[in-house]
1. Could you please rank B:PHE128, A:PHE150, A:PHE253, placing first whichever residue has the fewest other Cβ atoms within 10 Å of its Cβ?
2. Among B:LEU211, B:VAL164, B:GLY150, whose Cα projects farthest towards the positive end of the dipole of region B:97-215, with charges put on the beta-carbon of Lys, Arg (+1) and Asp, Glu (-1)?
3. From other protein chains only, count the Cβ atoms within 10 Å of every residue's Cβ in A:7-18, then give the mean.
4. Which of B:LYS216, A:LYS9, B:LYS17 has the fewest other C-beta atoms within 10 Å, and how do the rest follow up to the most?
5. Going Cα to Cα from A:LYS342, which aspartates and glutamates come in below 16 Å? Please leave out same-chain ones fewer than 8 positions away.
6. For every helix of n ≥ 4 consecutive DSSP H residues, a contribution of -39,500 (n - 2.57) applies; sum these over the protein assembly as shown, divide by its total residues, and give [θ] at 222 nm rounded to the nearest 500 deg cm²/dmol.
7. First check a/c for region A:231-277, with a ≥ b ≥ c the square roots of the eigenvalues of its C-alpha gyration tensor; if it is under 1.5, answer rounded, and if not, answer prolate when a/b is larger than b/c or oblate otherwise.
8. Please compute, for peptide A:35-48, the average count of beta-carbon atoms on other protein chains lying within 10 Å of each residue's beta-carbon.
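Computed from the coordinates by the stated procedures, all read-outs in this text should not be read as laboratory data. Fair warning: this is a prediction, and the values are worked out from it, not measured in the lab. Don't worry about glycine lacking a Cβ; one is built from the backbone with ideal geometry, like all the others, and counts go over all protein chains shown.
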Amino acid sequence: MLKEALVKKLDYEELSNCMRCGFCQPACPTFRETGYEAASPRGRIALMKAVADGVMEPDKDFVDQMNLCLGCRACEPVCPAGVSYGQLIEQTREAIEDVQQHPWWVKAVRRLAFVHLFPEQKRLQQLGRLLRFYQRSGLQKAVRKLGLLFWLPRHLREMEAIMPEASARSLADEWQAAVIPAIGERKYRVGMFSGCIMDVLFQETNRNTVRLLAEAGCEVVIVPGQVCCGALHAHSGERGIARKLARINVAVFHEANVDMIISNAGGCGAMLKEYDHLLADDAEMREQADWFAARVKDISEVLGEQMDAQKWQSLPQRITYQSSCHLRNGMKVSNEPVQLVKNIPGATYVPLFEGERCCGSAGIYNLLQPEMASGLLDEKMGHVAKTQADILVTSNPGCLLQMKAGIHRAGLDGRMEAVHLVDLLARVSPKE
Amino acid sequence: MLPAPIRAQLRAIVGEKHCLDSQEALVAYSYDATPMQQALPDAVVMPGSTAEVQEVMRLCASARIPVVTRGAGSNLCGGTIPLGGGIVLVLNRMNQIVEIDEQNLTITVQPGVRTVDIHQAVEARGLFYPPDPGSMVISTIGGNIALNSGGLRGLKYGTTKDYVLGLEAVLPSGEMIRTGGKLMKDVAGYDLTKLLVGSEGTLAIITEAILKLIPKPQTQRVMLAMYADMAQAAKSVSDIIANRIIPGTLEFLDQGTIRVVEEFKKIGLPTDVAAILLIGQDGDPLTVDQDMDKIAAICQKNAAVQIKVATTAEEADEVMTARRSALAALSRMRPTTILEDATVPRAAIAPMVAAIQEIASRYGLQICTFGHAGDGNLHPTCMTDARNTEEIERVEHAFEEIFAAAIELGGTITGEHGVGIVKAPYLEWKAGAAGMEVMKGIKQAFDPNHLLNPGKMFAKESRQRVVVQRA
């Protein structure tokens, strides 16, 4: 029963810490869209607590309301009481998933994605090869020309249109080495977290990350045996699988004995940084998990400190920045990326109005809740258009795809491009 | 559950989407920001216009259904808890700024406009709406008016009541009245505008308001002054006023609050000082500079151990952080945070703070005090745990004594949060028996069937006034 599962999974102490002041509401995208108390963090916590207190049964409305949450965690930095809303919503989703009776095909898709695909990098790469074949063989052109995608909903067609070219080989294969030496004096030994999607769809970004790290004085280890971070699992109520993945990552990075663990995706980084919470009940791994969590850094934190902007080439363009929610609210990194952009000679940094608000991508939210997601995206693109920027920078693959889709959707193709922060820095900092 | 025909009629009035009675909706509108208060309504109704409010009210009057009007639900007195069931009337859809009149210096708003949106709209035109309650980023103007909200600028600029010039309101009968207008002078009959301000949704439903605006001050500056002795901080406050300076901000933190803020924020506050004053002035640059110099000299004279005058925007932000973080820091200590607002005449601040500290230690509770030193409005804040019934009982007794102490010093049980549920048993201490009768008479005249916000303001029985024993 869902009720029992919720009572078991929910941290009642944390529920009690919400003092219902409502300061989270202006930061919450779904509350702003709907104006409905239940669709706000305060409301959702009240619903969770009502279930835990036996005031209400967790019915379909309850489940729908929990699924409507983007999980962007914009409510956390503004919460006076410091409530870990992200933990509460994940506990709720885990309980929902534990008892949910999905139709057979949803079960099959979830199993395929969460058990057989994301945790298995080789399979993702095989899929990447298929995608690459589709993109390169002329099949994509033919399909588009013939209008064969008419049956897809608009948001999926838009995603198809902006899908970057997939990579067929893993990062370690690309570098033909697992350890890339630092250029110049070695300051740190860092472990590169390559990510699952990043390594297939954004390998150029991963390659640039390694190069910039090396140039910044880091010996970069592409730690073998690492797997998907488990963020998509945890957000979708599969914390069990997330824990399994976490144990593997903690073990292999610990083995590699690195000073820092570098992520270039806000979504992954926030998950990695919270492995200590995820594995808190695991007596065997807890200590190593603490070790791991304390070493996780976003690439912008390291480059901000170690890169020499004086050597950068001039880039006389207007640049704006859309924050990754989990980078900002989960990893608490907000100034570093902006500062890096500002340091680019010749560039004009244009602040994006409400650049700290979720773009609607939210992992796979845009695929599951297309209506809310496209509402948020359209509002976002309105603000983006006003910046008249040439380059829209972000720092997470999901956000990057959503921004590319947004540019396409807003008819800004050719006038503006969405770029990962690392790729932008790679442009102005040519190979030594 | 409402009877099916009533439900159907409500849906016909406001539309299906705006009349909810799912479990989810009932729970979501069963609470506000007040700790330990919750009650489920029978339905949640979200009208989009004054006409719809009137129709809903007519229906509820004929069927004798209680109506609790609600904005953001950010109040701290239990003001929007639907104690007797009935409907929660949510006015958030009525959220338009109707007009900004630069000739008459007024803004006309619907009740669901957020306070902060009013600030932004008028400040963009060089105008100023001073009331700034702590919850202004979420609170609605309708709620501010219903509770006569205060804020940090109370000393110099007054509170919500000083800015409401006119109202449109729906009576419990469904009739609509208009009071006041874009008028600085209006003595035509009883002042119903002022009567409705602070009436806590018990007399009428406010559906539109005309607010007074003033020119926006050109500049503002802030400073911190730290004291080894609370009495010297209080003396500084009195001396500043005695020197004919009215600061725009005059806030204070006691030692307990300072320690908790420093522990949480690590901003380098000395934890051995007894009190910190945060003093700000706004106006034209020349006067502001002169006032700040004079204030610094007064603080110096009163043995301030350290004075920090902010010279840049960043420094000003740093200075403000101490006060801004107070509630956040305190609320992280324990699960339940009870924030009260006992208020005394400015000159009685030092004895009041001493009384609070004495009461807290006698009951073995952690009560920290911060607040608006300039207007005597203090926020004794108790960190506790609602699940510990024994401790909560001690908390209640302690606050009872704090209210009594405030009244003894010529103060009041609530300066800006309102009576609602939580202070209803103590209202008679302030208003007196005859005063209560007058208030009840007013309620009777507006709402003879007691449909609007039942159970608020008037308790079933008043508490016996406690005798304060102090050494």
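1. Ranked by crowding around the Cβ, least crowded first: A:PHE150, B:PHE128, A:PHE253.
2. B:GLY150
3. If you average over the peptide's residues, the count of other-chain Cβ atoms is 2.
4. B:LYS17, B:LYS216, A:LYS9
5. Within reach: A:GLU301, A:GLU305, A:ASP308, A:ASP390, A:ASP423.
6. So the calculated ellipticity at 222 nm is -13000 deg cm²/dmol.
7. Judged from the Cα gyration tensor, region A:231-277 comes out oblate (a/c at least 1.5, b/c at or above a/b).
8. Rounded to a whole number, the mean comes out at 5.
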